[in-house]
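Chemist: Got a structure for you, written out below as structure tokens; questions coming shortly.
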């Protein structure tokens with residue numbers, strides 16, 4: 001049975017086109033995916049991300065448990081409110097899911113994991129937590145709204161109590177704080193996002209979500225759907241679980257080496273595989289592609305390189321760049337940047353040349369060096 005967020009009727013009243021996304025009835029756009037994409041890059045847009053799974057972990061051994069659970073080092077989190085992006089891995093180093101960990105106290109950490117992997121994630125986390133006597137509590141009583149774009153933060157600040165505005169305004173990237181809205185709603189405000197723009201992801205009681213959404217509308221924040229969220233995150237060089245990585249792909253094969261901490265003495269699940277791949281090299285690599293010819297790069301298309309064939313993972317037409325862009329996973333080997341990489345994509349039987357580029361493709365609304373010729 002398809003699940004609905006508390007904002008489902010609100011989306012429909014705003015004219016949203018709804019689609020099934022991981023078992024959830026979600027808005028793909030509210031009329032124009034392209035306009036919503038540009039709205040976030042140039043001003044501010046908001047996304048209903050209440051389908052994401054919030055999990056609270058409590059107990060005196062929670063930090064010890066997280067040292068085992070994830071590939072990044074939770075010991076980087078020393079100040080309450082700080083957040084960490086990481087992945088939890090299986091025994092063979094494959095990514096079970098990517099997630100954000102918030103440090104709220106030595107006996108209280110909060111996780112936000114993906115919607116489509118909810119049952120798998122909860123089962124894995126609960127099973128692993130038992131040995132550490134950590135209490136695992138899903139929070140279906142919460143909704144979540146992401147407000148993203150160059151003016152997103154100032155618009156949210158206007159909806160906070162005056163005594164909270166300065167404190168929230170001082171949050172650094174990947175940090176969070178409790179606050180209260182002008183209507184008295186308790187908010188968990190995190191300076192995180194999935195668009196490459198600045199902004200907040202806000203967790204709040206489900207029964208207050210519609211009023212808060214409407215308050216954001218009232219200060220000029222326009223709704224955006226999953227279509228724009230996908231083009232924004234790909235331009236920003238951000239992976240999508242299930243498309244760019246899964247439990248057969250290691251972080252090194254998903255361009256996520258920066259999320260791995262091989263700190264001494266920490267025996268996290270999957271570490272042996274990652275140590276072996278770091279020593280001898282992962283068998284595959286993820287690269288960024290730009291196609292200068294007309295057309296769109298799409299998931300599953302064959303990618304041809306001098307080292308062997310791979311495939312397109314995420315691919316789309318970039319509204320900011322006006323060109324097709326993609327992630328591809330290909331055999332390991334040195335591939336020069338630019339057209340000199342000799343990479344081609346099989347599009348309906350035609351081998352189309354593409355340029356290899358570093359990602360993110362777009363940062364702060366602008367094409368990154370080398371992306372546009």
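Chemist: Could you tell me which numbered condition residue 95 fails, if it satisfies all but one of (1) within 29 Å of residue 6 (Cβ to Cβ); (2) surrounded by 24 or more Cβ atoms within 10 Å (Cβ to Cβ)?
Modeler: (1)
Chemist: Pick from the range 343-373 the residues that are free of Cβ contacts under 8 Å to residues at least 40 places away in the same chain and in contact with a strand residue (DSSP E or B) (Cβ under 7 Å, 6 or more places away or on another chain): which of them is nearest to residue 199 (Cα to Cα)?
Modeler: Taking the candidates together, the pick is 368.
Chemist: Since residue 268 meets every condition but one in (1) surrounded by 20 or more Cβ atoms within 10 Å (Cβ to Cβ); (2) assigned by TED's automatic domain parsing to the domain that holds residue 314; (3) touching a residue at least 60 places away in the same chain (Cβ under 8 Å), which condition does it not meet?
Modeler: Of (1) surrounded by 20 or more Cβ atoms within 10 Å (Cβ to Cβ); (2) assigned by TED's automatic domain parsing to the domain that holds residue 314; (3) touching a residue at least 60 places away in the same chain (Cβ under 8 Å), only one is false for residue 268: (2).
Chemist: Turning to a different aspect of this structure: Restricting to the range 205-237, what's the tally of residues that are in a strand (DSSP E or B) and buried (at least 23 other Cβ atoms within 10 Å of the Cβ)?
Modeler: 1
Chemist: Taking the range 1-16 on its own, how many of its residues are surrounded by fewer than 16 Cβ atoms within 10 Å (Cβ to Cβ) and in a helix (DSSP H, G or I)?
Modeler: Of the residues in the range 1-16, 3 are surrounded by fewer than 16 Cβ atoms within 10 Å (Cβ to Cβ) and in a helix (DSSP H, G or I).
Chemist: Right, next: Out of the residues in the range 17-51 that are in a loop (DSSP other than H, G, I, E, B) and surrounded by fewer than 21 Cβ atoms within 10 Å (Cβ to Cβ), state the one that is modelled with the lowest pLDDT.
Modeler: 22
Chemist: So which residues in the range 169-188 are within 22 Å of the chain's Cα centre (by Cα) and either modelled with pLDDT under 95 or farther than 28 Å from residue 359 by Cβ (or both), if there are any at all?
Modeler: 177, 178, 187, 188
Chemist: Kindly establish whether residue 254 is farther than 26 Å from residue 16 by Cβ, buried (at least 23 other Cβ atoms within 10 Å of the Cβ) and modelled with pLDDT of 95 or more.
Modeler: yes
Chemist: Give the number of residues within the range 238-251 that are part of a strand (DSSP E or B) and surrounded by fewer than 20 Cβ atoms within 10 Å (Cβ to Cβ).
Modeler: 0
The values are calculated or read from the model by the stated rules, or taken from the named source; none is laboratory data. Note that the coordinates shown come from a computational prediction; the quantities given were computed from them, not determined experimentally. Backbone-built Cβ (ideal geometry, glycine too); neighbour counts: all protein chains shown.
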